[in-house]
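Here the structure is laid out as structure tokens; the discussion comes afterwards.
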Amino acid sequence: MNLPPAPDIVLSIRGVAKRYASGVEALRPTDLDIRRGEIFALLGPNGAGKTTLISMICGSVRLSAGTAIADGHDIQADYRQARAKIGLVPQELAVDMFERVEDVVAFSRGLFGKPRDPARIEEILRALSLWDKRRARLDELSGGMKRRVLIAKALAHDPVILFLDEPTAGVDVALRRDMWALVRKLRDAGTTIILTTHYIEEAEEMADRIGVIDHGELKLVEEKATLMRRLGKSTTTLTLAAPLAALPPGLATLGAELSADGLTVTHVTGGGEGDTSLATLIRQLDAAGSDVRSVDTRRSSLEDIFVALVGEGR
């Protein structure tokens, strides 16, 4: 008998897998716990298995193996109750473009057996800055507003878990930042957010934890800050006033490198090594009679780490 998840775990996935009749293994057996009230970003290249995993949890694709518990309800044995705990914002609009905003959202609430609640619909529309557009048809809205309507639909039945599948795809930079603020607002109101995204800076900006999936395998799950500290690197570049013929012995021992023209010293640290003090680099160069003209330090972004994990040029 399976033990219930810990109280702070809102979604518990154990051994969930998908293999199609053709033999294609879209998702290998996967274990994952999502904490209540967190923003979890699932990253992976196209075809990695992100949408397959979401589709199984949301009930549109059947599990080949494993179990998943959504806020205490088994998604297979207790499907209706489990699905009522989940909201899904898909990548594509799947609504009648001639329907009015408030009708679309109210209808979505009714699909989950929730009683009519105009006050709740108004609250959701106001929170998403859609109240002034409530009587507009969807075909009259901008792309960003349509995306907000999808979120309103997903929230209409008051889920505790919200899946956002590429929530800002095709949205311009300004609207994307508005969406980031909205996602944080939803999280602060108690909703657990699970998002997939191709915009790595989106995950870096918002996520509490990161999961990386590739070729149907969940490769790692880690706190964002821990992941960036563990796998990130810091590159310090010092430009010199005059060329050096060779590195001082101390800097060579530290792994610093001198450019071919002798005018640039580069030192890379990270991956758990700990940073070498900038003062140490400058002091050794000064002792060698070399003046530093400028210093530039660059730390790895989450995108750098992601590319290193799943490979470039796929």
> Remind me, relative contact order of the range 122-252 in percent, using alpha carbon pairs under 8 angstrom and six or more residues apart?
Replying inline: 16 percent
>> If you fit an axis through the alpha-carbon atoms of helix 278-287 and take the longest principal axis of the Cα set of the chain, what angle between them do you get, 0 to 90°, nearest 10?
In response: 10 degrees
> For labels at Val292 and Tyr79 in the simple 7 Å Cα→Cβ model, what's the distance in nm?
Replying inline: 6.4 nm
> About the Cα centre of the chain, what is the dipole size in debye to 20, counting +1 per Lys and Arg Cβ and -1 per Asp and Glu Cβ, all else neutral?
Replying inline: 980 debye
> For the range 9-228, what is the percent of antiparallel DSSP beta bridges, rounded to the nearest 5?
Replying inline: 55 percent
> Just how many % of Cα pairs in the range 16-87 lie over 15 Å apart, if you round to the nearest whole percent?
Replying inline: 56 percent
> Given 0.36 nm per residue, what is the gain on full extension from Arg283 to Ser259 after removing their alpha carbon distance, in nm?
Replying inline: 6.7 nm
> Which values, in whole Å and largest first, are the semi-axes of the equivalent ellipsoid of the range 232-309 obtained as the square root of 5 times each eigenvalue of the Cα gyration tensor?
Replying inline: 24, 13, 11
>> What does the extension gain come out to for Asp188 and Thr266, with contour length at 0.36 nm per residue minus their alpha carbon separation?
In response: 23.8 nm
> Which is farthest toward the positive dipole end of the chain among Ile200, Val95, Ser129, measuring Cα position about the Cα centre, with Cβ charges +1 (Lys, Arg) and -1 (Asp, Glu)?
Replying inline: Val95
> For the residues Leu195, Leu182, what sequence is obtained by ranking on other C-beta atoms within 10 Å, fewest first?
Replying inline: Leu182, Leu195
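Between Leu93 and Lys219, take the C-beta separation as r, use R0 = 35 Å, and let me know the FRET efficiency to the nearest 0.05. Before the final figure, lay out each step's value.
Values: r = 32 Å, r/R0 = 0.90.
Efficiency at R0 = 35 Å is approximately 0.65.
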> Taking the Cα atoms of the chain alone, what are Rg (to one decimal) and Dmax (as a whole number) in Å?
Replying inline: 24.7, 79
> To the nearest Å, what is the center-to-center distance of the range 26-94 and the range 178-215, using C-alpha atoms only?
Replying inline: 15 Å
> Where does each of Phe98, Phe40, Phe107 land when they are ranked from fewest to most other beta-carbon atoms within 10 angstrom?
Replying inline: Phe98, Phe107, Phe40
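Determine the calculated [θ] at 222 nm for the chain from helices alone, applying -39500 (n - 2.57) to every DSSP H run no shorter than 4 residues and normalising by the residue count; nearest 500 deg cm²/dmol.
Dividing the helical sum by the residues of the chain leaves -9500 deg cm²/dmol.
Determine the dipole magnitude for the range 232-309: charges of +1 sit on the beta-carbon of Lys and Arg, -1 on that of Asp and Glu, nothing else is charged, the reference point is the Cα centre, and the result goes in debye to the nearest 20.
In debye, rounded to 20, the range 232-309 gives about 80.
Looking only at Cα atoms, what is the convex hull volume of the range 144-202 per residue, in Å³?
Considering the Cα atoms of the range 144-202, their hull volume per residue is 75 Å³.
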> Whole number please: convex hull volume per residue of the Cα set in the range 30-70, in Å³?
Replying inline: 88 Å³
>> Among the listed pairs Lys85/Lys146; Lys18/Lys50; Lys50/Lys219, which have their C-alpha atoms separated by more than 20 angstrom in this model?
In response: Lys85/Lys146
> In nm, what is the difference between 0.36 nm times the number of residues separating Glu38 and Ala136 and their Cα-Cα distance?
Replying inline: 32.0 nm
> Calculated FRET efficiency, His198 and Ser129, Cβ-Cβ r, R0 25 Å, to nearest 0.05?
Replying inline: 0.50
> Which one of Tyr79, Gly49, Val160 has its Cα pushed farthest toward the positive end of the charge dipole of the range 9-228, where Lys and Arg give +1 and Asp and Glu give -1 at the Cβ?
Replying inline: Tyr79
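None of the figures in this text is laboratory data; all of them are computed from the coordinates on show. Remember, predicted model here, so these are calculated numbers, not experimental data. Note that we place each Cβ from the backbone using ideal geometry, even for glycine, and neighbour counts take in every protein chain shown.
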